[in-house]
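Accompanying notes for the structure given below.
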Amino acid sequence: MNARSIDIKQIMQEIGRSAKAAALELSSCSSKSKNKALQAAAASLRKNTAKIMAANNIDMEAGKAKGLDKSLLDRLELNEKRIESIAKSLEEIALLPDPVGKILSNWDRPSGLDISRISVPLGVIGIIYESRPNVTADAGALCLKSGNAAILRGGSESFNSSKAIAACLHDGLRAAGISENAIQLVPVQDREAVGEMLTMPEYIDVIIPRGGKGLCKRVMEESRVPTLLHLDGNCHTYIHEKADQKMAVEVVSNAKMRRTGICGATESLVVDKSIASEILPKIVDSLSAEGCEIRGDEIARKIDSRIVPASDADWGTEYLDAIISVKIVAGLNEAIDFINQHSSHHTDSIITADSSAAADFLNRIDSAIVMHNTSTQFADGGEFGMGAEIGISTGRLHARGPVGVEQLTTYKYVVKSDGAIRPR
């Protein structure tokens, strides 16, 4: 092990120890103090907008020089509107009910026991993310509100932006008299820091990766810490035979093109064969006008010559770009089978006026979020009223879907009695 490795290990161990201590402090921190910190951090973000944009400009220029693609640059970019949105999300999180200390259930036993199940923080949460600097604010704020200490390891592409945002979060913590160790940004860009985080179960209670397949694969393979996985968003929109066609065109256009680089963007369009010849050209008109490439199966290409051939790989691809694949199916059952086979189990939507078909789709599609007559771009914790999200969990254990403040808690049992003893 070289000196550099030793230094990184020492840095991460110290971060872990201080986070553990901060987590103990936070577990009993009042709602008033946490909310004060969030509100002060929001004010600091607004006050330091120019500094944050200057730091982001350094990251953007470096990203362009490295040849980052359009979707990554879009995720990386900050402007006044986006910084204001980040500040507002912190204020929205402050307004949420405190998820800590809630009595989830209570019951009495014949033995004289009074038993309660009460929500408590998870402890120390490590968040590993890539090129989205807003995650620094979202993750830090959600962890704070839920009483957890956060160790944030952002991508090297957003390093300067994340530092500027973290400084604002620390302004908020100081204003509320809370230890700055409650939210720590890993100060080194070396990938070895990630490896250290994945092997620190004595300090970190949960790891949440938010990034591409490569990052999630590494976390799954190497982590000795429990994980909440945010996998890719190969989202589908299915146009049922009884869809309102005007609605379908508008929803698909928004679901694909509002922001192509987010995980809630529709990547695959599934169309019922009975209406495909009528509606597909309208959808191609709409998407083509916005510069979207449409790839489709043989039936789709016979309907509209502007559609280029899709390969088998297209059905499972998260493009994060102005590209969509089109599959023609013979009815609801085939659509459900196709989506369950190729979806990443993130978000899938049906467009239909048939309530029975919608209910069948919503019940049988095996995804964290299922929608009816709705753009998949609404797959977002902020849009769900959670203030923000750390990610969207596509797994089944502990949390599924948007991970907000409530999903960052667990529970313990509190048992009371008047001297009850168990019979021998």
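Each value in this text was obtained by applying a stated rule to the coordinates, not by laboratory testing. Here the structure is a predicted model, which means the values were calculated and not measured. Every residue, glycine among them, receives a Cβ derived from its backbone with ideal geometry; neighbour counts consider all protein chains shown.
Shape analysis of region 89-177 places it in the prolate category; the axes a ≥ b ≥ c from the Cα gyration tensor give an a/c of at least 1.5, with a/b above b/c. Annotation: the residues Phe361, Phe378, sorted from fewest to most other C-beta atoms within 10 Å of their own C-beta, follow the order Phe378, Phe361. The alpha-carbon of Lys51 sits under 16 angstrom from the alpha-carbons of these lysines, leaving out residues fewer than 8 places away in its chain: Lys81, Lys163.
For region 235-378, the Cα gyration tensor yields ellipsoid semi-axes of 19, 17, 15 Å (square root of five times each eigenvalue, largest first, whole Å).
Exposure proxy ranking for Asp59, Asp232, based on other Cβ atoms within 10 angstrom of each Cβ and starting from the fewest, stands as Asp232, Asp59.
Relative protection proxy for 115-123, 347-355, from highest mean packing down: 347-355, 115-123 (other beta-carbon atoms within 10 angstrom). For region 1-120, what log10 I(q)/I(0) values come out of the Debye formula at q = 0.11, 0.17, 0.18 1/Å, with one point per alpha carbon and no solvent? So the normalised log intensities work out to -0.71, -1.08, -1.09. The orientation-averaged projection of the convex hull spanning the C-alpha atoms of region 177-236 amounts to 5.8 square nanometres. Taking the longest Cα principal axis of the chain as reference, the axis of helix 159-176 is set at about 50 degrees. When the scattering of region 299-386 is computed by the Debye formula from its Cα atoms alone, each counted once and equally, what is log10 I(q)/I(0) at q = 0.11 Å⁻¹? Ignoring solvent entirely, the Cα scatterers give -0.36.
Taking region 251-278 and a reference point 7 angstrom along Cα→Cβ of Asn79, the backbone N atoms nearer than 18 Å belong to 257-262.
For the chain, a Kirkwood radius taken over Cα pairs fed into Stokes-Einstein (25 °C, viscosity 0.890 mPa s) yields D = 106 µm²/s. In this rough spin-label picture, where each label sits 7 Å from Cα along the Cβ direction, the Glu222-Ser30 distance is 4.3 nm.
Per DSSP H run of at least 4 residues, take -39500 (n - 2.57); add these up for the chain, divide by its residues and hand me the 222 nm value, nearest 500 deg cm²/dmol. Helix-only estimate at 222 nm: -14000 deg cm²/dmol. When its C-alpha radius of gyration is set against 2.2 N^0.38 Å (N residues), region 185-286 gives a value of 1.60.
Note on Arg117 and Asn333: their simple-model spin labels are 3.8 nm apart, each label 7 Å out from Cα toward Cβ. What angle, in degrees between 0 and 90 and rounded to the nearest 10, separates the Cα long axis of helix 332-342 from the longest principal axis of the Cα atoms of the chain? For 332-342 against the chain, the angle is about 50 degrees. In terms of its alpha-carbon gyration tensor, region 1-71 comes out oblate; a/c meets the 1.5 threshold, while b/c is at least as large as a/b.
Of Lys246/Lys327; Lys246/Lys273; Lys66/Lys327; Lys66/Lys145; Lys34/Lys412, which ones are farther than 28 Å apart at the Cα?
Details: Lys246/Lys327 20 Å; Lys246/Lys273 17 Å; Lys66/Lys327 35 Å; Lys66/Lys145 36 Å; Lys34/Lys412 22 Å.
The answer is Lys66/Lys327; Lys66/Lys145.
Here the dipole of the chain is about 1380 debye; that uses its Cα centre as origin and unit charges on the Cβ of Lys and Arg (positive) and Asp and Glu (negative).
Based on the Cβ-Cβ distance from His372 to Gln10, what FRET efficiency comes out when R0 is 51 Å, to the nearest 0.05? So the FRET efficiency works out to roughly 0.45. Summary value for region 235-378: 34 percent relative contact order, contacts being C-alpha pairs under 8 angstrom separated by 6+ residues. Helix 355-364 and the longest principal axis of the Cα set of the chain meet at an angle near 50°.
Contact order, relative form, for the chain: 19 percent (alpha carbon pairs under 8 Å, 6 or more residues apart, mean separation divided by residue count).
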